[in-house]
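Any read-out appearing in this document is the output of simple, stated calculations on the displayed coordinates, not a laboratory observation. What you are looking at is a predicted structure, and each value in this text was computed from that prediction instead of being measured. With ideal geometry, Cβ positions are generated from the backbone for all residues, glycine too; neighbour counts draw on all protein chains shown.
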Amino acid sequence: MRFWQQQHLARAQTLRLLLCFAVLVLGLVCVINAVLALLFKLVMPFYPGWPALFFETNTAIVVLFVLGGCWVESWRLRDGGGVRVAHWMGGVEVQDTGDALNRRLLNVVDEMALASGQPLPQVFVLPREGAINAFVVGWTPQTSALCVTRGALDRLTRNELQGLVAHEFGHLAEADGRLGMRLLALVWGLSLVHGWGASWMQADDQGRVHPIPWLIGAAVAAVGWLGWLAGRILQAAVSRQREFLADARAVQYTRSRDGLGQVLRKVWHERQVATARLHHPHADALSFLWLTDGGWAAPWLATHPPLADRIHRLYGGPRAPLPATAGRSMDEPVRLEPRNDSTVARLAPPLPPASDPSPVSPPRRLPDVDTTEALGRLQRLSGPLQRRMALLAFMMRPDNEAEQRFWMQSTRDLHGAAAILADVQSLPAVWRVPEFERQLAQMAYEGVEQRRALVVATRELLRADGKVSARDRLWWLALRHRMGEVNTRHAFIRPVTGQGRDLVQLNEEERAHVAQFTAYLARLLPVESSNASPSAEGRAWFKAVMGRCYTVGEGVTPPECLPPDADALMHALSGVQELSWMMRPQLVRAWVEEALNHSPGGLLSPDTADALRLTAGLLDTPLPPALAAHYPKP
């Protein structure tokens, strides 16, 4: 039913767009004929009547330019799609080359793709645009391109960048891409002459403007000004109200109104200080695609609703403009952040636990002959393809039929896949996470394309059955974190604060981060819960851990054990990762000690020990002795 509704809506939008275009072309022909007739009479006032075919020739030239420009641009867009528009605007495709901000953008795009259920677009940065803005364009979501300005990348926090990207994914979810491509072709045909003139007036790469080309371009742009005005009217007539739908989608995907809300408030401040204008000569032709237009046009020409109205709808009340700080935000971790599959977990309950955890006690015995042989074969794997198969086998639950089917389909044509799976599944529990981490460390040295292929394959594996459990999510976070270590170890130095403090000396913000992330772990510790809420043991463990963060008699009630949603989880993880290098080990030790206190017989189960080890890796913290004793020494 929804498919046919979308088809009907698309046809109605296309008909309305063509009707508006036809009316504007007719109006443009009439105005140009009137202007030319007036100029002719001013120049030759005594000429009787009009030259032969005067109006017919004018009309034919105007229609030829408009329809010809539309046809040429439609043909180009049909062939190049959203990527052509991105290149046309001077976009540079974002690659995972170790740059902290580019990696953060790629991770946020991946998170929002999971949250919205949309395919991953190609991601571009507009390096010459210092304003905060973005757009997404493409005939289909699969062939779309997402462009983000350098100003947005530099001056937005991670949560704000999530809101910005989520807004663009909202346009994809509302099927605005195809309408945008058609509208772009029509606008280009109407403003073809003006666009030529604007190109001549553009500054070069050094910012220099040459006078003669600028004068020629100004004259051409003046001639095409009426066409530009018609294109602007067409954009305003079609696209204005669709921004409210995309704003609502952004709040739905991020579960936060502050992300997009603060972006809009920062753009509002940019307008007040006159820094929101985009510099590319053709940026105005894409005005309907941007997050916001330049804000200089008259209300009847605006392609977007007023920023004050959009902010009022997000917050339910007025908010003031917000200055955007220059430079990189220091509250964002720049390691290879996990592409958050936890957004999928909001939409479906988690998987049930594979089996009841059984307590095991240290010390661990040495591996037997079969285990030694399996470890040897896994350690001799060469090449990214074999390592990818091994990592997928580690992350796959043996009792999950959907994940098994996906793994078999993905590896059916690969030699040795069955042997790799058998070796992984034959490993004792104490060897699985250490070998998983070793394989990840090797994979981190592979090229960008190989690592992205692993990310895509892992994401598809975990959502093969439409469910992502807390255990799956933790392994995913560990995978993304471990793969970023080689490339980001020296890329960014986090501020080191709080040396010499205990957990009871955490400030309120730090306690909030710890409480939210601990509530998430309570679904896994000391036993894995079978539903979205922590078990009774998990709640008791949470209460004991948080009790260590408050002074007795302080008069403060510890927070409730409420597992966070996707946005809150990522925010909490970032906050916990930003604790000082002395505070993080104390927190991990508290988790381990209270897990021992609340485990049957005072012994950690294999699943509990693995969850604690992966969590310690997320915080770049050495294993406490009580946890390290559960694993063989390397």
> How much FRET efficiency would the formula 1/(1 + (r/R0)^6) give for Ala52 and Glu93, where r is the Cβ-Cβ distance and R0 is 56 Å, rounded to 0.05?
Replying inline: 0.55
> Going highest first, how would you order 511-519, 393-401 by mean Cβ packing within 10 Å?
Replying inline: 511-519, 393-401
> At a Förster distance of 45 Å, what's the computed FRET efficiency of Val63 paired with Gln252, Cβ-Cβ distance as r, to 0.05?
Replying inline: 0.55
>> Just to be sure I understand the model, the point goes 7 Å from the Cα along the line to the Cβ. What's the resulting Thr557 to Glu373 distance in nm?
In response: 6.1 nm
>> Highest mean first, how do 472-483, 443-454 rank when packing is the count of other Cβ atoms within 10 Å averaged over residues?
In response: 472-483, 443-454
>> Can you bin every Cα-Cα distance in region 83-195 into 10 Å intervals starting at zero and give me the percent of pairs per bin, rounded to whole numbers?
In response: 15, 47, 31, 7, 0
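Taking loop as defined by DSSP and a crowding limit of 15 other beta carbons within 10 Å, which GluC sites (Glu not before Pro) in region 514-589 fit?
Hits after loop and neighbour filter: Glu554, Glu560.
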>> Using 0.36 nm times the number of residues separating Ala512 and Arg405, minus their current alpha carbon distance, what extension gain do you get?
In response: 34.5 nm
> Can you tell me the Rg and Dmax of region 577-634, counting just the alpha carbons, in angstroms?
Replying inline: 11.2, 34
> Measuring from label point to label point, each 7 Å out along Cα→Cβ, what is the Asp465 to Val448 span in nm?
Replying inline: 3.6 nm
> In whole Å, what is the distance between the alpha-carbon centres of region 466-480 and region 125-165?
Replying inline: 27 Å
> Reported to two decimal places, what Rg/Rh ratio describes region 524-604 when computed on Cα atoms with Rh from the Kirkwood expression?
Replying inline: 0.97
